[in-house]
Every structure is written in structure tokens, then in C-alpha cells.
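Heads up: the structure comes next, in C-alpha cells.
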């Protein structure tokens, strides 16, 4: 009889463990509308179709950053796609409880024009540039690139700061030789409204051009995917599975832009037509490990040099960077 109960107990334990493995882990993911969430769409679609079942993934796509940070800090969300500098701010403000898993979006900022004045960074000298994002990462990125090319943003150009991207676009379209700094998908939206608007400079490439002599080149980075450190420590296999699915989704999006645009529209991230036009210049990537650390740490250093508050007052330590 004892042997029978021992066998029964073993069988029940096996069944229990199998069920737990089959059910996986509940993973709550939140992302901002825009390029930082576009790379997830195939992943989201495959979860909804029941193709990916190793864990219980739940996605929330929101329109404002203040909907992301509190939920991540309070623990109702486990993983988030958000601006790169905000990841550092949260790390510093939560006693290092946030960890960055990967870079998911390089720079999405462009210099656009309605004329044909701008052909290089040097050709911005003496010009008026409409821009938004003063006191934030767009200003720091623009300053970094201008200064790196020998242009003083205080004296060699006139930057007319607007309160929002839509105001920049309106100012640009009202001028036959207008110049503006705009992010995607606002660039695509503007081009759909006014055929005169063309991309003059890719700020990501201009940033890269300043890194050619560096032993550890940084990159202009818009978005990253982060996780609560406690979640990573408690569920390392689930995090590894998430990373694999996300990397595959990014690869799909970049290789199948029409299909990806349809999914982006279906999930309400941006309209399908805008996504189709914007995707080729959204710089959606999946960069992890040491490459991620090198590029992201250099970017944060560039922001810190201009305004320490932009990264939360201090540069993150090594434990900020996930490397598995």
C-alpha cells in the first residue's frame, strides 16, 4: 500500500510539473505607440493566434509615457518598451530595480526640408531649424551632431523650438525653403500631406559618422526594452524565451514591411498607410549583449555630458545591462 501511494504521489508530482511547464509564466508587457512598439507586432500576432504558447504573454500598447513608468515600477508590468534615457532615469530612481534587455529602436530623427538647401550637416550653418523637444533628448542629439561637425548650436544656427511635432510640421509646410527636425512617423505623415517634404539628413547616420575613430562606438538610440530586475532573476528561462520571440519578430518586421504595416495598423500603433511609408526609416532593431551595452552606454554618456538629469543624475552601473 505504501508503495502504491508513493507511485501515486510521484505521478501527481510529474503531472503537476508538466502542467506548470506547459502553462509557463505570466509575462505582462507594455509599450508606447510608435517605432518602439512596431517591432513587436508579429510576436503579438502569434500570441493572439495561439502559435506562441510557451508563456502567457499579455501586451498593452499605450499612448503616453506616464501610462508606462508607474505600472513597471509598481510591478503590474514586467517588461516595457520605452525611451532609452527613461530606462536610465528609472534605474536611478528605483534603487537599480530596472534592467535593459535590448535596444529596439535606433534614431528616428531626421532633418527634413521643403526646398533643397540642406545637403550636409555643414549646410545647416546659418539656417533656421524648426524643432520640438527642447530640454529633452532631441535637443541633446541635435547639439551633439552640430558640435561634432564644428557648428555651435547657440550662435551658428537658429533653432526655433516648438511645443510639439505637429507645430514643427505646420511651420515647415508654410515655408518654401523650410527646414525642420522631425521624428518618424511624423516625417511620413508630413510627406503624405506635402510632396515637397524630403529627408535631407538621417541623424542616426550622422551620429555614426562621428564614431568612426572610436574604439567603442556609440549610437543614437530612441528606444529600448527593459524589465524589472526581480522578474529577470525569478524567471530567467521566460526572459530568454521572450528575447528569442522578440528578435524573430523584429527580423520579420524588417523583412516583410507590407505585412508588418498591416499588423501595426491592426494593433492601433499608427495607421497602416503611415506605417508602410515610415517603416523603412524607423531603424527598428534588436541589439543585445555587449554590442547593446557599448552603443547604449555611449549614448547615455553623450546625454549625461549635456544634462545629467536626462539620464537620472548618474550613469548606470554594469548591472543595468542584461547580458545572457
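Quick note: the coordinates plus some simple rules give every number you see, no bench work behind them. The model shown is predicted, which means the values in this text are computed figures rather than measured ones. Positions of Cβ are generated from backbone atoms using ideal geometry, with glycine treated the same way; all protein chains shown enter the neighbour counts.
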task: Pop the C-beta distance of residue 309 and residue 194 into the FRET formula with R0 = 41 Å and round what comes out to the nearest 0.05.
output: 0.70
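Extension gain residue 161-residue 259, at 0.36 nm per residue separation less the Cα-Cα distance, in nm?
Working: separation 98, 0.36 × 98 = 35.28 nm, distance 3.65 nm.
Computed gain between residue 161 and residue 259 is 31.6 nm.
With a Förster radius of 22 Å, plug the Cβ-Cβ distance of residue 58 and residue 240 into 1/(1 + (r/R0)^6) and report the FRET value to the nearest 0.05. Intermediate values should be presented prior to the final figure.
Details: r = 18 Å, r/R0 = 0.84.
FRET efficiency, residue 58 to residue 240: 0.75.
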- prompt: How far is helix 289-306 tilted, in degrees, relative to the longest principal axis of the Cα atoms in the chain, given as a value from 0 to 90 rounded to the nearest 10?
  reply: 40
message: At a 10 Å Cβ-Cβ cut-off, how would you order 293, 96, fewest neighbours first?
response: 96, 293
query: Roughly how many nanometres apart are two label points built 7 Å out from the Cα toward the Cβ at residue 93 and residue 134?
result: 2.3
statement: Here FRET efficiency (C-beta to C-beta, residue 48 to residue 215, R₀ 51 Å, nearest 0.05) is 0.70
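Out of all DSSP beta bridges with both ends in segment 111-209, state the antiparallel percent to the nearest 5. If you can, show how the numbers build up before the last one.
Numbers: 6 of 12 bridges.
The answer is about 50 percent antiparallel.
Per-residue ellipticity at 222 nm for the chain, helices alone: DSSP H runs ≥ 4 residues times -39500 (n - 2.57), over residue total, nearest 500 deg cm²/dmol? Don't skip to the answer; put the middle values down first.
On the way: 14 runs with 147 residues, N = 324.
Per the formula, -13500 deg cm²/dmol.
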field: Rounded tilt (10° steps) of 84-93 against the dominant C-alpha axis of the chain
entry: 60
field: DSSP-defined antiparallel bridges as percent of all bridges, the chain, nearest 5
entry: 60
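Averaging sequence separations of C-alpha pairs under 8 Å and six or more residues apart, then dividing by the length of segment 111-209, give the relative contact order as a whole percent.
Values: 149 pairs, mean separation 45.2, N = 99.
So the answer I get is 46 percent.
For 196, 228, 125, what ranking results if the residue with the fewest other Cβ atoms within 10 Å of its Cβ goes first?
Working: 196 18, 228 21, 125 14.
Least to most surrounded, the residues fall as 125, 196, 228.
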- request: Would you mind checking the tilt of helix 2-23 against the longest principal axis of the Cα atoms of the chain, expressed as 0 to 90 degrees and rounded to 10?
  value: 10
field: Alpha carbon centroid spacing (whole Å) that separates segment 145-197 from segment 250-320
entry: 21
field: Contour minus Cα-Cα distance for residue 173 and residue 272 (0.36 nm per residue)
entry: 33.3 nm
